[in-house]
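Visitor: Dropping a structure here in structure tokens format, bear with me for questions.
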Amino acid sequence: MTKQRTLSIIKPDATSRNLVGKILSHFEEAGLTIVAARMMTLTPEQAGQFYIIHKDRPFYGELIDYMVSGRALVSVLEGDDAVNLNRKLMGATDPKKADAGTIRNLYAESIAANAVHGSDSAENAATEIKFFFPELA
Ligand code: GDP
Ligand code: MG
């Protein structure tokens, strides 16, 4: 398996509860290396563009408001099968459905405030990494 990169975001509900260290530990203990990271408060323009794929979903406005509501730790994780591995570590979107021991099972508050984002395909990972870290492309 060749090394792959994926984009992770620790979302405002998790940064505000000081869960950054605990969540990063999940990545590192699973063998993913943090190769870039930036703590930032997204602008509405950045959040809106990042989640443009969801623009027709009923929760789009709520999602953008939430993503700009506090600091987010945006990072690039690298390792074998990074995209799928990160999605496994995260657990299901709805924390009620997330497997025991996953990040969302342990730390998410709700389907909206669900602690983490992770790219869902290698193609989207490349787009999302370029969006936040153009210098890595
Ligand atoms: P993900 O890939 O597991 O993050 O899930 P999606 O791509 O389907 O959704 C993107 C993000 O939108 C989720 O992580 C949630 O923060 C938010 N979201 C998803 N479904 C809902 C919903 O039904 N209501 C609200 N308010 N937010 C949602
Ligand atoms: Mg998604």
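The values are calculated or read from the model by the stated rules, or taken from the named source; none is laboratory data. Quantities reported herein were computed from a predicted structural model and do not represent experimental measurements. A quick note on method: Cβ atoms are made from the backbone with ideal geometry, for glycine too, and the neighbour counts reach across all protein chains shown.
Visitor: Within region 107-137, take every residue that is more than 15 Å from the chain's Cα centre (by Cα) and among the aliphatic types (A, V, I, L, M) and give me the one that is modelled with the highest pLDDT.
Guide: L136
Visitor: Here is a further query. Which of (1) surrounded by 14 or more Cβ atoms within 10 Å (Cβ to Cβ); (2) out of contact with any Phe, Trp or Tyr (no Cβ under 8 Å at 6 or more places or on another chain) is the odd one out, the single condition K130 does not satisfy?
Guide: So the condition that K130 fails would be (1).
Visitor: Test A72 against the stated conditions and say whether it is surrounded by 16 or more Cβ atoms within 10 Å (Cβ to Cβ) and under 17 Å from N124 (Cβ atoms).
Guide: no
Visitor: With L19, L42 as the choices, which residue is surrounded by 12 or more Cβ atoms within 10 Å (Cβ to Cβ), in contact (Cβ under 8 Å) with a residue 60 or more places away in the chain and aliphatic (A, V, I, L, M)?
Guide: Being surrounded by 12 or more Cβ atoms within 10 Å (Cβ to Cβ), in contact (Cβ under 8 Å) with a residue 60 or more places away in the chain and aliphatic (A, V, I, L, M) holds for just one of L19, L42, which is L19.
Visitor: Here is a further query. Among the numbered criteria (1) buried (at least 18 other Cβ atoms within 10 Å of the Cβ); (2) near ligand 1 (Cβ under 9 Å from one of its atoms); (3) over 14 Å from the mean Cα position of the chain (by Cα), which single criterion is violated by E62?
Guide: For E62, the exception is condition (1).
Visitor: To continue, here is another question. Please find, among I9, I34, I52, the residue that is modelled with pLDDT of 95 or more and under 15 Å from V83 (Cβ atoms).
Guide: Among I9, I34, I52, only I9 is modelled with pLDDT of 95 or more and under 15 Å from V83 (Cβ atoms).
Visitor: Do we find that I111 is closer than 21 Å to V68 by Cα and away from ligand 2 (no atom under 14 Å from the Cβ) in this structure?
Guide: Spelling it out, it is not the case that I111 is closer than 21 Å to V68 by Cα and away from ligand 2 (no atom under 14 Å from the Cβ).
Visitor: Specify the residue that is surrounded by the fewest Cβ atoms within 10 Å (Cβ to Cβ); the eligible residues are those in region 109-123 that are touching a strand residue (DSSP E or B) at 6+ places or on another chain (Cβ under 8 Å) and on the phi < 0 side of the Ramachandran plot.
Guide: A122
Visitor: Being away from ligand 2 (no atom under 14 Å from the Cβ) and among the acidic types (D, E) narrows it down to one residue among D94, D80; which is it?
Guide: D80
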